[in-house]
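Before any comments, here is the structure.
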Amino acid sequence: MVDDSLALKLRPASEDTLKELIRQAEAHLDTQLTAAIAADQRAYTFAGLAAASGIVLVGGAYSLATSSQPNVLLASVATAVAATLVGCAWSAVHSARSIDFGYSGSQPADWDEDVACSKPWAHSLAEKCEHYNDLIDANRKAMNANSQLFNSATELALKSLLLGGVAFTAWLVNAFTF
């Protein structure tokens, strides 16, 4: 069996080159962490806005349904939009949930086997490069999945608001033309 691992491919590189690759990988991992934190903040902010809007719409739906001249159709639309917004808030929070995430750096215990077997330093550095590469790939995969979930939530919320706005506009036109 041929070992075609990244570490094996990088072993011929100089120690300076490997150290630079590690530095670049650590910078990439740090940037991924910053982007992930920003995405989580964006998701939580959207979730709060969507949930609050949904609650306001529930109040509006209640008023429409219980007024002296109830409008059950518009109350139903408001309730549906509210439910959709609350569902979108839930999805946004889910997109910001805690996940396994790879960070730069290492614990001293991570190196004990390399030291014990007197592994050449360049080989250890090459393996660190491969480890960082795997973390970057795993982070990207997790961030993409959360991004898709968040984007779906925002898209559905906007479509829901658009349909609610169309229904409200139709009601206004109907209310003032007859």
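Taken together, the values in this text are just the output of simple stated rules run on the coordinates, not laboratory data. Everything numeric here is computed off the predicted structure, so don't read it as measured data. Ideal geometry is used to build each Cβ from the backbone, glycine not excepted, and the neighbour counts take in all protein chains shown.
For this structure, a couple of remarks:
- Evaluated with a Cβ-only charge set (Lys, Arg +1; Asp, Glu -1), region 15-172 carries a dipole of roughly 1160 debye about its Cα centre, given to the nearest 20.
- Options (i) 1.15; (ii) 0.94; (iii) 1.31 - which one matches Rg/Rh (Cα atoms, Kirkwood Rh) as calculated here: (iii)
- Our helix-only sum for the chain, with -39,500 (n - 2.57) per DSSP H run of n ≥ 4 divided by its residues, gives a mean residue ellipticity at 222 nm of -29000 deg cm²/dmol.
- Dipole of the chain [Lys/Arg +1, Asp/Glu -1 at C-beta], most positive-end residue of Asn71, Ala126, Leu149: Asn71
- Those lysines that a straight Cα-Cα span of less than 27 Å connects to Lys19, excepting residues fewer than 8 apart in one chain: Lys9, Lys119, Lys128, Lys141
- Between Leu163, Leu85, Leu33, the Gaussian network model of the chain with springs among Cα atoms under 10 angstrom shows the greatest mean-square fluctuation at Leu163.
- Distance-filtered residues of region 70-93 - backbone nitrogen under 19 Å, label point 7 angstrom along Leu162 Cα→Cβ: 77-78, 80-89
- Acute angle (nearest 10 degrees) that the helix 72-95 long axis makes with the longest principal axis of the chain, alpha-carbon atoms: 10
- Note on Asp112 and Trp171: their simple-model spin labels are 6.7 nm apart, each label 7 Å out from Cα toward Cβ.
- Segment Asp100-Ala65, extension gain: residue separation times 0.36 nm, minus the distance between their alpha carbons: 8.0 nm
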